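The values are calculated or read from the model by the stated rules, or taken from the named source; none is laboratory data. This one's a predicted model, so the numbers in the text were calculated from it and none came from an experiment. Neighbour counts run over all protein chains shown; Cβ positions are idealised from the backbone, glycine included.
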Amino acid sequence: MPTLVLSLGNVLMSDDGLGPAVLRAFEEQYVVGPDVVVMDLGTPGLDLSPWLADAGQVVLIDTVKAPLPPGSLRLYQKADLVGQGTGVRISPHDPGVKETLLALEFAGRAPTDIALVGIVPEVTTMGLDLSPAVAAAVPAAVRAVAAALERFGAGVSRRAEPIALEPWWSAEVRIPA
Amino acid sequence: MSTHITVDPVTRIEGHLRIDVEVDHGVVTKAWSSGQMFRGIERILQGRDPREAWLFTQRFCGVCTTVHAIASVRAVENALHLEIPKNAQYIRNLIVIAHALHDHIVHFYQLSALDWVDVLSAVKADPAKTSALAGSLSNWPGNSTQQFQAVKDRLTGFVAKGQLGIFTNGYWGHPAMHLSPEVNLLAVSHYMQALDYQRKANQVVAILGGKTPNIQNLAVGGVANAINLDNDATLNMTKLYQVKELLDEMKGFIEQVYFVDVCAVAAMYPDWLKVGAGVTNYLSVPDLPLDEKGATFEFPGGTIFDGDLSHVTPITSFGDPYFQKNVTESIAHSWYDGDWQRHPYQEDTVPKYSEYDADGKYSWIKSPRFDGHVMQVGPLAQVLVGFAQGHEPTKRWAVKTLETAGKIAGATLTPAVLHSTLGRHAARMIRCCVLSELAGKHWSLLAENIGKGDTTIFNEPVFPKGEQQGFGFHEAPRGTLSHWIVIENGTIKNYQAVVPSTWNAGPRDARNQAGPYEASLVGNPVADAEQPLEVIRTIHSFDPCIACAIHTLDVEGHEVSRVRAL
């Protein structure tokens, strides 16, 4: 069963796009083994469950709410995520990571282990760039993703030479030829 | 003496949808719907390449990704008068269908079932009786006494340990909960099984779309799925048969489980077939195109006014002038600069926030209107517009639903009961049954067309100098979605998305006409002002999807919704 590295967040909403940004930086600097699947899921709501149902070890990258300054790194484990209740659900966005995990836990199909790499955001309004504090936290988050994979015993190694990946949501406007 | 109730969900982000109601003698007399977050993501698109717009628009919303991608490429194709190959239409149609099946199943089982199902009551159920009941309604193999016993045991264990995490916001024990323990156990069991079918639908989208969420295979002018029956890396027979098998499995669940569960809930909550109608003007656009041009469709489109099913004004093509001319948006009660009602091509999105004022501006959502009328969109509009125009599968499934629910209830149900809170749930299920049936047809159309040797998937778009306008619509799971684009010298000059939840959740307009959410709440009962389950029921029946969409996880905070009764 593959180990999953999944990023969450909306690249159109400034710091909310942290997950995809960290995932890209991670892929620029690291190579994963054939036992690891790396994927950006955007803001999938309950569409997370097909990814997490019956999964093994999972590394999630997301912005998190915490009483700390923007850019702070927080690491959580599975027990932190399934330990509480949920809020009232109005829209399909409301159920997210916790709700999906609780539902899968109830169904007996939650992932065996989870490492959540979280960063406290500053700005989550429309925009394509990370705020300076959150952008500065990306390298630490990338190292945390690699460390989590190592702890899981999954294949990960640092590239001798980092590669450059251009994000499709690059702020630069491209004029068609 | 009236009570004012505010339901303002404080979720992990700054709040999506706030509902205010005034309740007099246990009945809602006035209601306000307010979107609590500014969107305006369209502005990111200005100056960009129209061929890339769909990549951005499918990030508007993390849940409705596919639909914004489809509407966007259709808008650009409409502006360029660009036809797309048959294969591309059929592949898009199959993605659209699989996405919709997934969305409807998730909505019923994961998002709204707890409004009707009392989970705690299920621990008192007799699994043998549940199995007998289920067996009397369908032949589904997942309805054995042993299976229900296993779910009951699991639930009992969770209750004993106080680990009801996912259900903590269920309104168990609420006086408005009426299902027997056996039916509650049935629903909880099917809730767990639904996870598998959600996954199967996603697999279809992933095989054809490359990935889900956020498909990768679209292009202005067609799709990027290379077709070569002898090549493993392209769309080939093996992949097509995987898709077919998954769609067939979905059909089994939809017809034998989802259909039956909705009929049972409708039959056991007959009062909810009488409230929640609200606006009975309906709008639905045609979808599942059958030709290159978008002039013939599987589903008919049109408008219905005042619930009169004997008069439908049809909408017949991707370029339909009746649709194109009549859509406007009003900002009279929305937090934008000005007080206009404009056509989407002429709109701007300039935020101007002021305090919440029920008589003034109170929402970030604009108010779309059709020829000045408030319109309800969504599965109910889809089903009624299809029914009124004699769309055979829609009519057949609607009649079957009314007969089956009527039989369980021991009553005769007419199409008129569909104008209601539970009618919207029933319509969603009817649409899902029809879509599931049509999945097989569109799969065959694709396979046969490829079989004839046609592997064309793409027509190259050409952008002339000067300005072009175009609109693309899609009948999405939540209703009519339209994207409107103005292109100037090959780049995007203006872009607006008029989304289904805007039609339904929008505030009053300049003439003070209430939006569909607002109108639907008037007349709803509210037994307990501190636990306004009934308000939630009616709002959930629209399948609201508002935030479009940020995602910050709150691990440390305690998330509570605020219900204020004054």
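Within the stretch B:258-293, track down each residue that is closer than 30 Å to B:ILE95 by Cβ and either free of Cβ contacts under 8 Å to residues at least 40 places away in the same chain or among the aromatic types (Phe, Trp, Tyr) (or both).
Matches in the stretch B:258-293: B:TYR258, B:PHE259, B:TYR282.
Based on what the data block shows, is B:GLY440 within 25 Å of B:ARG92 (Cα to Cα), touching a residue at least 40 places away in the same chain (Cβ under 8 Å), among the small types (Gly, Ala, Ser) and surrounded by 15 or more Cβ atoms within 10 Å (Cβ to Cβ)?
Values: within 25 Å of B:ARG92 (Cα to Cα): yes; touching a residue at least 40 places away in the same chain (Cβ under 8 Å): yes; among the small types (Gly, Ala, Ser): yes; surrounded by 15 or more Cβ atoms within 10 Å (Cβ to Cβ): no.
Against the criterion (within 25 Å of B:ARG92 (Cα to Cα), touching a residue at least 40 places away in the same chain (Cβ under 8 Å), among the small types (Gly, Ala, Ser) and surrounded by 15 or more Cβ atoms within 10 Å (Cβ to Cβ)), B:GLY440 does not qualify.
Per-residue answers, yes or no, for (1) touching a strand residue (DSSP E or B) at 6+ places or on another chain (Cβ under 8 Å); (2) not in a loop (DSSP other than H, G, I, E, B):
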site	(1), (2)
B:ALA427	no, yes
B:GLU437	no, yes
B:SER444	no, yes
B:GLY453	no, no
B:PHE463	yes, no
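Quick check on the stretch B:14-47: of everything there that is on the phi > 0 side of the Ramachandran plot and at pLDDT below 80, which residue is farthest from the other protein chains (Cβ to nearest Cβ)?
Taking the stretch B:14-47 as the starting set, the residues that turn out to be on the phi > 0 side of the Ramachandran plot are B:15, B:25-26, B:40, B:47.
Those still in the list that are at pLDDT below 80 too: B:15, B:40.
Numbers: B:GLY15: 9, B:GLY40: 6 Å.
My answer is B:GLY15.
Aliphatic (A, V, I, L, M) and farther than 24 Å from B:ARG428 by Cα: which single residue out of B:VAL383, B:VAL312, B:VAL350 fits that description? Quick ask: steps written out before the conclusion?
Working: B:VAL383 fails: farther than 24 Å from B:ARG428 by Cα; B:VAL312 fails: farther than 24 Å from B:ARG428 by Cα.
Going through B:VAL383, B:VAL312, B:VAL350 in turn, the sole match is B:VAL350.
Of all residues in the stretch B:356-402, which are under 24 Å from B:MET268 (Cα atoms) and of a type in the set (Ser, Thr, Tyr)?
Within the stretch B:356-402, B:THR394, B:THR401 qualify.
Among (1) within 10 Å of chain A (Cβ to nearest Cβ); (2) assigned to a loop (DSSP other than H, G, I, E, B), where does B:HIS102 come up short?
Condition not satisfied by B:HIS102: (2).
Have a look at B:ASP371, B:ASP357 and point out the one that is in contact (Cβ under 8 Å) with a residue 40 or more places away in the chain, out of contact with any His (no Cβ under 8 Å at 6 or more places or on another chain) and either charged (D, E, K, R) or under 26 Å from B:LYS251 (Cβ atoms) (or both). Show your work before the answer.
Values: B:ASP357 fails: in contact (Cβ under 8 Å) with a residue 40 or more places away in the chain.
Result of the check over B:ASP371, B:ASP357: B:ASP371.
Listed here are the residues, each with its yes/no results for (1) within 12 Å of chain A (Cβ to nearest Cβ); (2) under 11 Å from B:GLY222 (Cβ atoms).
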| residue | (1), (2) |
| --- | --- |
| B:GLU52 | yes, no |
| B:THR65 | yes, no |
| B:ILE70 | no, no |
| B:VAL73 | no, yes |
| B:ASN78 | no, no |
| B:GLU83 | no, yes |
| B:ASN87 | no, yes |
| B:ARG92 | no, yes |
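Could we say that B:THR212 is at pLDDT 95 or above and more than 30 Å from B:SER144 (Cβ to Cβ) here?
Working: at pLDDT 95 or above: no; more than 30 Å from B:SER144 (Cβ to Cβ): yes.
No.
Collect the residues in the stretch B:112-160 that are more than 14 Å from chain A (Cβ to nearest Cβ), closer than 21 Å to A:GLY108 by Cα and acidic (Asp, Glu), keeping them in residue-number order.
Within the stretch B:112-160, just B:ASP118 meets the criteria.
Select from the stretch A:49-71 the residues that are away from chain B (no Cβ under 12 Å) and surrounded by fewer than 19 Cβ atoms within 10 Å (Cβ to Cβ) and write down the one among them that is nearest to A:LEU102 (Cα to Cα). Let's see the steps before the verdict.
We begin by selecting, within the stretch A:49-71, every residue away from chain B (no Cβ under 12 Å); these are A:56-59, A:69, A:71.
Remaining after also requiring surrounded by fewer than 19 Cβ atoms within 10 Å (Cβ to Cβ): A:56, A:69.
Working: A:GLY56: 16, A:PRO69: 28 Å.
Per the stated criteria, the residue is A:GLY56.
Within the stretch B:93-116, is there a residue that is in contact with a Ser or Thr (Cβ under 8 Å, 6 or more places away or on another chain), surrounded by fewer than 23 Cβ atoms within 10 Å (Cβ to Cβ), farther than 28 Å from A:ASP16 by Cβ and modelled with pLDDT of 95 or more?
Checked against the condition, which is being in contact with a Ser or Thr (Cβ under 8 Å, 6 or more places away or on another chain), surrounded by fewer than 23 Cβ atoms within 10 Å (Cβ to Cβ), farther than 28 Å from A:ASP16 by Cβ and modelled with pLDDT of 95 or more, the stretch B:93-116 yields no hits at all.
Any idea which residue in the stretch A:1-48 is nearest to the other protein chains (Cβ to nearest Cβ), counting only those that are part of a loop (DSSP other than H, G, I, E, B), of a type outside the set (A, V, I, L, M, F, W, C) and buried (at least 20 other Cβ atoms within 10 Å of the Cβ)?
Kept after step one, since they are part of a loop (DSSP other than H, G, I, E, B), are these residues of the stretch A:1-48: A:1-2, A:8-12, A:33-35, A:41-44.
Now drop any that are not of a type outside the set (A, V, I, L, M, F, W, C), which leaves A:2, A:9-10, A:33-35, A:42-44.
This time we only want the ones that are buried (at least 20 other Cβ atoms within 10 Å of the Cβ), so: A:9-10, A:42-44.
Values: A:GLY9: 5, A:ASN10: 5, A:GLY42: 5, A:THR43: 3, A:PRO44: 5 Å.
The qualifying residue nearest to the other protein chains (Cβ to nearest Cβ) is A:THR43.
Being of a type in the set (A, V, I, L, M) and surrounded by fewer than 24 Cβ atoms within 10 Å (Cβ to Cβ) is the filter here; which residues of the stretch B:48-59 pass it?
B:LEU55
Report yes if some residue within the stretch B:101-110 is touching a residue at least 24 places away in the same chain (Cβ under 8 Å) and over 28 Å from B:ARG537 (Cβ atoms); otherwise report no.
The first filter runs over the stretch B:101-110 and keeps only residues touching a residue at least 24 places away in the same chain (Cβ under 8 Å), leaving B:101-110.
Filter once more, so that each one left must be over 28 Å from B:ARG537 (Cβ atoms): none.
No; the residues of the stretch B:101-110 include none that is touching a residue at least 24 places away in the same chain (Cβ under 8 Å) and over 28 Å from B:ARG537 (Cβ atoms).
For B:TRP484, state whether it is modelled with pLDDT of 90 or more, more than 13 Å from chain A (Cβ to nearest Cβ) and within 17 Å of B:SER334 (Cβ to Cβ).
Working: modelled with pLDDT of 90 or more: yes; more than 13 Å from chain A (Cβ to nearest Cβ): yes; within 17 Å of B:SER334 (Cβ to Cβ): no.
Against the criterion (modelled with pLDDT of 90 or more, more than 13 Å from chain A (Cβ to nearest Cβ) and within 17 Å of B:SER334 (Cβ to Cβ)), B:TRP484 does not qualify.
Taking the stretch B:294-319, which residues are within 21 Å of the chain's Cα centre (by Cα), more than 23 Å from B:ALA277 (Cα to Cα) and touching a residue at least 40 places away in the same chain (Cβ under 8 Å)?
Listed by number, the residues that qualify are B:GLU298, B:PHE299, B:PHE318.
What number goes with the only condition from (1) surrounded by fewer than 21 Cβ atoms within 10 Å (Cβ to Cβ); (2) under 27 Å from B:SER189 (Cβ atoms) that B:GLY307 does not pass?
Result: B:GLY307 passes all but (2).
Limited to the stretch B:186-235, what total is found for residues that are out of contact with any strand residue (DSSP E or B) (no Cβ under 9 Å at 6 or more places or on another chain), more than 30 Å from B:LEU155 (Cα to Cα) and not in a loop (DSSP other than H, G, I, E, B)?
Counting residues in the stretch B:186-235 that are out of contact with any strand residue (DSSP E or B) (no Cβ under 9 Å at 6 or more places or on another chain), more than 30 Å from B:LEU155 (Cα to Cα) and not in a loop (DSSP other than H, G, I, E, B) gives 4.
Taking only the stretch B:60-90 into account, find how many residues are in a loop (DSSP other than H, G, I, E, B) and either touching a helix residue (DSSP H, G or I) at 6+ places or on another chain (Cβ under 7 Å) or surrounded by fewer than 24 Cβ atoms within 10 Å (Cβ to Cβ) (or both).
Selection size over the stretch B:60-90: 9.
Scanning the stretch A:104-155 for residues that are within 17 Å of the chain's Cα centre (by Cα) and in a strand (DSSP E or B), which turns out surrounded by the most Cβ atoms within 10 Å (Cβ to Cβ)?
That would be A:ILE119.
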